[in-house]
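One structure is given here, and the rest of the page talks about it.
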Amino acid sequence: MNPATLNTITGVLGTLGITVVGAVGAAYAAFRYLGDKWLTNKFSKGLEAFKHAQQQELEQLRLRINTTFDRTVKLHANEFEVLPELWVRLNEAHNHVVSLTSPYQEYPDLDRLADPAFEHFLCDSGLPDYQKDELRHSTERTKDYQSKRFWQSLGKVNEKYHAFTHYFVSKSIFIQPEMKELVTQLRDMMWDALLEKETEERHPNPRKGRWEMGNRFRKEGPALRDSIGTAIQERLWSSAELPASQA
């Protein structure tokens, strides 16, 4: 820039009351002001976007936690209802199977009863009328009564067994896998003993190992039942305990 031009610009700025140094300072101040304002706006917008994203993530996390908690509460509620009822039905089935498959059965000696005593017995026997008439005309009253009594008892045992089995299968989704396995073992053991007893009653076949399933059930069944009872008790009480800070 030639001196004449510089003098002209300086003169104009002087006329306006602005020096070159002052103009540069003013421009720098304006730049800083506008730059700070731009940065502040950009930061504010970024911060708001970050807060919004964080809030959405927190809401989603809260929803997942609440959903999981609700499901857990419902599962425990169903479990608390299912396990005690399962224990009652299992015990009823177990005790009936034990009674039916026991090798020690007691029956009255009907062949030695006088007619009045025999009639009194028939009234309390629970047999249907047609079976009572069959016994009246039987020449082997004790043997025939044992057979009739067996089928009568088998019907009751099957009723208890199937009630337990149906409940167990229908509610098994609320039962822990380890406990479910124990119950399944006892259920199958009871069924094998029942089936063996019924088969031998229909088609007697004296042989070695004739009562293998029944003997196994009587030997292992009670201990297995006790293990199930302990598992149910521990499950119910451990789930009911509150953390120490809440107790």
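FYI, it's all coordinate maths here, none of it is from the lab. Given the structure is predicted, the values throughout are model-derived calculations rather than measurements. Cβ sites come from the backbone with ideal geometry, for glycine too, and all protein chains shown count toward neighbours.
List of remarks:
- Note: segment 78-240, Cα convex hull, 138 Å³ per residue.
- As a rough guide to protection, the peptides 154-163, 133-142 ranked by mean Cβ packing within 10 Å, highest first, stand as 154-163, 133-142.
- Peptide ranges 194-202, 170-178, 87-95 listed from the most packed, as the mean C-beta count within 10 angstrom indicates: 87-95, 194-202, 170-178
- Under 27 Å of direct C-alpha separation, and excluding same-chain neighbours fewer than eight residues apart, Lys51 reaches these lysines: Lys37, Lys42.
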